[in-house]
Amino acid sequence: MASLPELWLTVDSDDQRHRPGQQGHPTRSRSSSAMQSTSPSLRLRKGMAGFARWHLKQPRQRAATIFVIADQLGDADFRNWLADLLSASPHITIACHGLNHRSWSAWGEDQKGFTTALRLAKREIMEFSGPAWRPWFRAPAGYVAPWMSKVLAREGFTVDSSVNPSMLVARKAGKGNSWQKVEAAMESAGVVERPWLTSSIGPACGPALHLPILRGFAKRAWRRISTLPLASDENICDGSHEVVTVYWHLDDHARRGGLWAPPLS
Ligand SMILES: [Zn+2]
């Protein structure tokens, strides 16, 4: 019997300094290293406060998973914010968004480097998050390639949510690859892939919520799915369940004077 699709709300914790325009990408970045202060930018701090307000004030708190970048835990303010949020809400889970937001698939295959970074990131985020930790992964900036699936499986990750199944960003699957190849590799490695919601014209999550043209289609796509029941952890991990996955950025909550909210009705 086909069950109703369920909705998975996810948030990426990136700061401006993590993004491919700044670091971690062979051609898009200004600098090759992530060595900058780990202190959250003013914009991210506003986003952190805005997210907590939005999440905690809802009459029925909506469960959400935050994909955290391990290097952010090097900052006391970020740690305190996350610890406070976890103690105020039983509905937040924490997963892995990498060690320092390197765009893995934009570089050549590097199983060894990815293994080392993933292991370290997992240990740091898991130790910090305690019972809120989930062994789920989102590739920084959506740069995921088929070879990464084996590493994820070996390191104990059960769910990957990195695929943005749109032709517009197909290059992010790496040279000679496709989203279909990424999904097939995840399946054969035993990792459940949870691709992101798209609209009729392309990407609908993350930056697409704010880009001209894309954003109108994105908001309509979100409104159509926003009344679906929220997915349980068990169903997120069970590939036979249909789960619609949406994501936005923590620092989106800095918009509109801290009053921005994801377009969920
Ligand atoms: Zn990110």
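List of remarks:
- Unique match (being within 15 Å of the chain's Cα centre (by Cα) and surrounded by fewer than 17 Cβ atoms within 10 Å (Cβ to Cβ)) among PRO262, PRO207, PRO229: PRO207
- For segment 107-148, the candidate set comprises residues that are of a type in the set (Gly, Ala, Ser) and farther than 17 Å from ARG79 by Cβ; within that set, the residue that is surrounded by the most Cβ atoms within 10 Å (Cβ to Cβ) is ALA141.
- Any hit, segment 166-189, residues being within 16 Å of the ligand (Cβ to nearest atom) and either modelled with pLDDT of 95 or more or of a type in the set (A, V, I, L, M) (or both): yes
- For segment 11-57, the candidate set comprises residues that are modelled with pLDDT of 85 or more and among the small types (Gly, Ala, Ser); within that set, the residue that is farthest from ALA261 (Cα to Cα) is GLY24.
- Applying the condition of being within 16 Å of the ligand (Cβ to nearest atom) and among the aromatic types (Phe, Trp, Tyr) to segment 230-265 and asking which residue is farthest from PHE137 (Cα to Cα) yields TRP248.
- From the list ALA139, ALA121, ALA106, ALA153, the lone residue that is more than 16 Å from the ligand (Cβ to nearest atom) and among the small types (Gly, Ala, Ser) is ALA153.
- Cβ separations smaller than 6 Å between residues 6+ apart or across chains give the following pairs from segment 80-100 residues that are closer than 29 Å to VAL151 by Cα and assigned to a loop (DSSP other than H, G, I, E, B) to residues that are among the acidic types (Asp, Glu) and within 15 Å of the ligand (Cβ to nearest atom): HIS97/ASP12; ASN100/ASP71.
- So ARG60, is it touching a Gly at 6+ places or on another chain (Cβ under 9 Å), part of a loop (DSSP other than H, G, I, E, B) and at pLDDT below 85: no
- Filter result (within 15 Å of the ligand (Cβ to nearest atom) and hydroxyl-bearing (Ser, Thr, Tyr)) within segment 73-103: SER103
- Among the residues of segment 45-81, those that are more than 25 Å from PRO229 (Cβ to Cβ) and hydrophobic (A, V, I, L, M, F, W, C) comprise MET48, ALA49, VAL68, ILE69, ALA70, LEU73, ALA76, PHE78, TRP81.
The values are calculated or read from the model by the stated rules, or taken from the named source; none is laboratory data. Just so it is clear, the structure is predicted and the values come from calculations on it, not from any experiment. Because the Cβ atoms are built from the backbone with ideal geometry, glycine has one as well, and the counts that use them run over all protein chains shown.
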